[in-house]
Amino acid sequence: MERERYRYGVWWIAAMGLLLAANLQTGLVGAEPPPAEPVRLIFDTDMGNDIDDALALGVIHALQSRGECQLLAVTVSKDNEFAAPFCDLVNTFYRRGKIPVGVVRQGQTPENSRYIQEPCLAKDDGQLRYPRTLLSGKDAPEATGLLRQVLSRQPDASVVMVVVGFSTNISRLLESPADSHSPLTGRALVAQKCKLLSMMAGNFAERGREKEYNVYVDLAAAKNVFTNWPTPIVASGFEIGSAITFPATSIENDFRYVKHHPLSEAYRLYQKMPYDRQTWDLTSVLYAVRPDRGYFGVSLTGTIAVDDKQITQFTAGPTGRQRYLTVNPDQIVRVREALVQLASQPP
Ligand SMILES: [Ca+2]
């Protein structure tokens with residue numbers, strides 16, 4: 001009897017010892033998860049062509065206010081002189097007017113856009129309605145050089161690029177030679193400093209797939225990026241943002257905490273209210289900062305290519321590093337709710 005009890009005791013101690021060792025190994029005992037570092041983010045946008053770019057910039061600021069990201073720079077791929085000042089006035093509204101803004105030279109879509117131009121020019125009692133430091137895009141630095149400068153100062157494998165317009169700037173970045181900011185070529189610099197490219201581009205719907213604006217407006221640039229970008233890419237295809245609309249009721253009700261809000265004013269200028277606009281660019285921001293929250297599904301890894309009809313084609317394969325987002329009905333509800341809360345969050 002004594003002997004049985006002794007044997008049982010030995011087994012029990014041994015079992016507990018094994019359990020403790022296993023827990024220590026997996027870090028379950030006494031280990032607090034380290035606080036997550038804010039995501040170092042660069043936002044490249046064709047601000048002015050569609051209103052989702054403006055709301056996406058607002059979402060970035062809300063996430064930064066929550067300690068989840070740090071906006072290192074904004075670069076603009078729309079070649080219009082009001083695109084960069086509008087980005088600067090939004091940054092200034094969120095009290096981050098020192099964030100550098102770079103612009104494309106000899107870029108695409110120079111045409112005017114009311115929603116970026118009118119907020120830049122609006123005055124009340126002789127003062128700019130939305131103060132800013134950058135008066136014209138002509139005064140802003142060229143985007144490729146700014147991207148090189150900002151990237152060269154970041155820790156290795158730390159930067160997430162969010163690209164929600166054409167690939168003009170990041171394609172030129174890939175092709176850029178060594179300069180005063182870095183002895184590396186653009187491609188090597190990206191490989192060293194970036195960890196992810198989250199881009200709104202292409203179309204990966206199972207049916208009815210068409211060519212997509214961000215791809216076909218600068219086709220050569222998009223092809224270069226899909227072929228030569230050296231980090232993983234996650235693309236939010238046209239069908240993702242199309243399935244998740246931003247409610248006009250939020251624009252009408254949730255932005256009234258100030259007399260003049262640049263995002264709700266821009267939204268009203270873009271189209272006749274009320275309208276629910278697709279959230280394309282916002283989804284690429286949300287995934288970039290919160291990739292592990294289950295807002296979206298992601299495809300298998302593979303490669304994205306553009307075919308001769310300018311349509312994106314995905315081929316799964318173990319060596320590829322590119323994926324695309326998917327979304328189901330429950331996720332659509334969650335993403336819309338998150339985006340409304342974030343876009344309308346006061347500075
Ligand atoms: Ca865009």
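Just so it is clear, none of the values below were taken in a lab; they were calculated from the coordinates. This one's a predicted model, so the numbers in the text were calculated from it and none came from an experiment. Note that each Cβ is placed from the backbone with ideal geometry, even for glycine, and that neighbours are counted across all protein chains shown.
Some notes on this structure:
- With kT/(6 pi eta Rh) evaluated at 4 °C and eta = 1.567 mPa s, and Rh the Kirkwood radius from Cα pairs, region 39-343 diffuses with a coefficient of 67 µm²/s according to Stokes-Einstein.
- Computed on the Cα trace of region 210-339, the radius of gyration divided by the Kirkwood hydrodynamic radius gives Rg/Rh = 1.03.
- Taking Cβ atoms as reference points and 10 Å as the exclusive limit, the residues near residue 91 contribute a net charge of +3, counting Lys and Arg as +1 and Asp and Glu as -1.
- Trypsin sites (Lys or Arg not before Pro) within region 169-210: DSSP coil, no more than 11 neighbouring Cβ in 10 Å: 207
- Normalised Debye scattering of region 76-155 at q = 0.12, 0.22 Å⁻¹ gives log10 I(q)/I(0) of -0.35, -1.01, counting only Cα atoms as equal scatterers and leaving out solvent.
- Residue by residue, region 307-319 carries 3J(HN,Hα) couplings of 7, 6, 9, 6, 9, 6, 10, 10, 10, 5, x, x, 8 Hz when phi is fed to the Karplus relation 6.51 cos²θ - 1.76 cosθ + 1.60 (θ = phi - 60°); x denotes Gly or Pro.
- For region 139-255, averaging the sequence separation of C-alpha pairs within contact (under 8 Å, six or more residues apart) and dividing by the residue count gives a relative contact order of 28 percent.
- Amide H contacts of residue 105 (H built 1.01 Å from N, in plane; Pro and chain starts excluded): 143 sit under 5 Å, all sequence-distant by 5 or more or on other chains.
- Across 78/223; 195/309; 223/309; 98/138, pairs whose alpha-carbon gap is larger than 21 Å: 195/309
- From helices alone, the chain scores -12500 deg cm²/dmol at 222 nm; the rule is -39500 (n - 2.57) for each run of n ≥ 4 DSSP H residues, then divide by the residue total.
- Relative contact order of the chain, defined on C-alpha pairs under 8 angstrom at six or more residues apart (%): 18
- Between helix 219-228 and the chain there is an angle of about 20 degrees, using the helix long axis and the longest principal axis of the Cα atoms.
- In this Cβ point-charge picture (+1 for Lys and Arg, -1 for Asp and Glu), the chain has a dipole of about 620 debye about its Cα centre.
- 239, 142, 337 arranged by Cβ crowding within 10 Å, fewest neighbours leading: 337, 142, 239
- Among 44, 330, 254, the ranking by other beta carbons within 10 Å of each residue's beta carbon, starting with the fewest, stands as 330, 254, 44.
- Set of lysines near residue 259 by C-alpha distance (under 23 Å), chain-local residues within fewer than 8 positions excluded: 123, 272
- Fewest-first sequence of 258, 163 by Cβ atoms within 10 Å of each Cβ: 258, 163
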